[in-house]
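S.K.: Structure in structure tokens, see below.
The values are calculated or read from the model by the stated rules, or taken from the named source; none is laboratory data. Note that the structure is a prediction, hence the values are computed from the model and not measured. Here the Cβ is made from the backbone with ideal geometry for all residues, glycine too, and neighbour counts use every protein chain on show. SASA here: full protein model, heavy atoms, side chains in, ligands and nucleic acids out. Shrake-Rupley method; radii C 1.70, N 1.55, O 1.52, S 1.80 Å.
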Amino acid sequence: MLARELLPDVQEVLETRREPPYRLSQAYRALCVSFVRDWEECTVLPKGLRDELNEKAPAATLELLRIARSKDGTRKYLFQTRDGHRIETVMIPEKDRRTVCISTQIGCPMGCAFCATGLLGIERNLKAREIAEQVFVVARDIAPERVSNVVVMGMGEPFLNYRQMILALRVLNDPDGFNLSARHIAASTSGLVDRIRRFADEPEQFHLAISLHTPFEEERRRLMPVASRHSISEVMSAARYYVERSHRKLFFEYTLLAGVNDQPRHAEALATLLDHPLYHLNLIRFNWTDTGFSATSRKGAREFLEMVRELGLSATLRPSRGADIDAACGQLAAKDLRGRPVATTG
Ligand code: SAH
Ligand code: SF4
């Protein structure tokens, strides 16, 4: 069923040729387990079928144009879609983890004031196949190391592309597909309340993060236009629904912007707002983008972390990774939009 939804073009070729149904599973496994990029590599399929698939339903929907490598080990992948748009994907290595941060839209329509992706506007939603394929390419690139975590925190607002995003996550989670535990998969939303509830109702144990960025209504509207649609109290009531329904931890993302949202009054209001044992506050210092904001100092960020912890919150300060290659949170903009393609396979 997942294979059919993910690969309608492959299914069509198989049906026209009256191939047996197991061919679809073979093709699905070739993509999700063996990460083939050309049907020629899938030798369980007969030669004639491989040729016709290559012609009518190619294995790769994204062309890998370039891999940028940060001195901290982070890698950024620049892809081109079949219709000529560019997206980015990031792989962040940690001690025992290899996290892939994937994109769900070409650009993003949400317009958050500090985010480089937001400056682009939106071209279109990505298909589930294009979303999942980002992970397959990274998995192939880092082999024999394995992808341990996937976060939907790249370009785009994933909950505006809900159906395709959830299909991609299911394929990543599928024991016959990429086979990654749902607990190692997380999505982040700027706070679309209906979709937060829908996500809570999904049977899988995917994790969720909500981008909060300030506990104050007026301020949030200035930082995130979506806040004019959904008030903080609406977001918090969807958050409550999520934890009560799923009994899973819920993460709140908070980008520290110097002089904007890093004052003691913010820490105090956060302590009141995030008063649930399953809520966790993820602080991150602003990564530079050309938006007029600046980052809270390292010292200021540590002090803010101490403050919220003393007020009783469960909180962490996440390090920025890959900033030297513009791969850190909020920096993805596929900015070499007119750059000359350089094929790399690492
Ligand atoms: N669109 C989704 C997920 C992608 S962004 C969302 O907004 O939640 C992942 C996180 O990075 C979000 O919390 C986002 O607000 C944050 N972010 C955006 N720009 C940033 C920047 N310049 N520095 C640090 N974090 C940023
Ligand atoms: Fe879109 Fe997220 Fe950037 Fe906001 S922070 S513009 S929702 S990608």
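S.K.: Of the numbered conditions (1) among the charged types (D, E, K, R); (2) surrounded by 14 or more Cβ atoms within 10 Å (Cβ to Cβ); (3) farther than 16 Å from Arg129 by Cα, Lys47 satisfies every one except a single condition; which is it?
M.R.: Evaluating Lys47 over (1) among the charged types (D, E, K, R); (2) surrounded by 14 or more Cβ atoms within 10 Å (Cβ to Cβ); (3) farther than 16 Å from Arg129 by Cα leaves (2) as the failure.
S.K.: Could you tell me which residue of segment 234-261 is farthest from Ala209 (Cα to Cα), considering only residues that are surrounded by fewer than 21 Cβ atoms within 10 Å (Cβ to Cβ) and of a type in the set (Gly, Ala, Ser)?
M.R.: Gly259
S.K.: Out of all the residues in segment 95-102, is one or more in contact with a Gly (Cβ under 7 Å, 6 or more places away or on another chain), assigned by TED's automatic domain parsing to the domain that holds Ala323, under 30 Å from Glu219 (Cα atoms) and not in a helix (DSSP H, G or I)?
M.R.: Within segment 95-102, the first condition is being in contact with a Gly (Cβ under 7 Å, 6 or more places away or on another chain), and the residues that meet it are 101-102.
Still in the list and also assigned by TED's automatic domain parsing to the domain that holds Ala323: 101-102.
Right, trim to under 30 Å from Glu219 (Cα atoms) and you get 101-102.
In the following step, the residues that additionally are not in a helix (DSSP H, G or I) were identified as 101-102.
Within segment 95-102 (the criterion being in contact with a Gly (Cβ under 7 Å, 6 or more places away or on another chain), assigned by TED's automatic domain parsing to the domain that holds Ala323, under 30 Å from Glu219 (Cα atoms) and not in a helix (DSSP H, G or I)), the answer is yes, since at least one residue qualifies.
S.K.: Also, quick follow-up: Residues being crowded, with 22+ Cβ neighbours inside 10 Å and out of contact with any Ser or Thr (no Cβ under 9 Å at 6 or more places or on another chain): count how many of those fall in segment 61-74.
M.R.: Selection size over segment 61-74: 1.
S.K.: Follow-up. Anything in segment 134-154 that is touching a helix residue (DSSP H, G or I) at 6+ places or on another chain (Cβ under 8 Å), open to solvent by less than 10 Å² (accessible area, probe 1.4 Å) and within 15 Å of Leu62 (Cα to Cα)? List them, or say none.
M.R.: The answer is Val135, and nothing else.
S.K.: A follow-up question, please. Within segment 313-334, can one find any residue that is over 30 Å from His85 (Cβ atoms) and either acidic (Asp, Glu) or more than 15 Å from ligand 1 (Cβ to nearest atom) (or both)?
M.R.: Yes; the residues of segment 313-334 include at least one that is over 30 Å from His85 (Cβ atoms) and either acidic (Asp, Glu) or more than 15 Å from ligand 1 (Cβ to nearest atom) (or both).
S.K.: Please go through (1) surrounded by 24 or more Cβ atoms within 10 Å (Cβ to Cβ); (2) in contact (Cβ under 8 Å) with a residue 24 or more places away in the chain for Gly118 and return the number of the only condition it doesn't satisfy.
M.R.: Going through the list (1) surrounded by 24 or more Cβ atoms within 10 Å (Cβ to Cβ); (2) in contact (Cβ under 8 Å) with a residue 24 or more places away in the chain, Gly118 breaks only (2).
S.K.: Then there's this: Note down all Cβ pairs under 8 Å where the first residue falls in segment 189-211 and is within 16 Å of ligand 2 (Cβ to nearest atom), the second is among the acidic types (Asp, Glu), and they're at least six residues apart or on different chains.
M.R.: Thr189/Glu157; Ser190/Glu157; Leu192/Glu157; Val193/Glu234; Ala209/Glu253; Ile210/Glu253; Ser211/Glu253
S.K.: A further question follows. Kindly provide the set of residues from segment 224-247 that are within 16 Å of ligand 1 (Cβ to nearest atom) and not in a helix (DSSP H, G or I), ordered by number.
M.R.: Passing the criteria: Met224, Arg229, His230.
S.K.: Within segment 138-164, how many residues are within 11 Å of ligand 1 (Cβ to nearest atom), assigned to a helix (DSSP H, G or I) and among the aliphatic types (A, V, I, L, M)? Walk me through it before giving the result.
M.R.: First pass over segment 138-164, keeping only residues within 11 Å of ligand 1 (Cβ to nearest atom): 151-161.
Now drop any that are not assigned to a helix (DSSP H, G or I), which leaves 158-161.
Narrowing the set further to residues that are among the aliphatic types (A, V, I, L, M) leaves 160.
Number of matching residues: 1.
S.K.: Assess whether Glu204 counts as being open to solvent by 30 Å² or more (accessible area, probe 1.4 Å) and either more than 24 Å from Leu7 (Cα to Cα) or more than 14 Å from the chain's Cα centre (by Cα) (or both).
M.R.: yes
S.K.: Give the residue that is nearest to ligand 1 (Cβ to nearest atom), with candidates limited to residues of segment 191-201 that are of a type outside the set (Val, Ile, Thr) and open to solvent by less than 30 Å² (accessible area, probe 1.4 Å).
M.R.: Gly191
S.K.: Then there's this: Tell me which residues, restricted to segment 166-182, are away from ligand 1 (no atom under 16 Å from the Cβ) and out of contact with any strand residue (DSSP E or B) (no Cβ under 7 Å at 6 or more places or on another chain).
M.R.: Passing the criteria: Leu167, Arg170, Val171, Asp174, Pro175, Asp176, Gly177, Phe178, Asn179, Ser181, Ala182.
S.K.: Please go through segment 89-109 and pick out each residue that is open to solvent by less than 20 Å² (accessible area, probe 1.4 Å) and either away from ligand 2 (no atom under 12 Å from the Cβ) or aliphatic (A, V, I, L, M) (or both).
M.R.: Thr89, Val90, Met91, Thr99, Val100, Ile102, Ile106, listed by residue number.
S.K.: Only one residue in Ser188, Ser211, Ser228 is modelled with pLDDT of 95 or more, surrounded by fewer than 15 Cβ atoms within 10 Å (Cβ to Cβ) and either β-branched (Val, Ile, Thr) or assigned by TED's automatic domain parsing to the domain that holds Tyr162 (or both), so which one is that?
M.R.: Exactly one residue qualifies, and that residue is Ser228.
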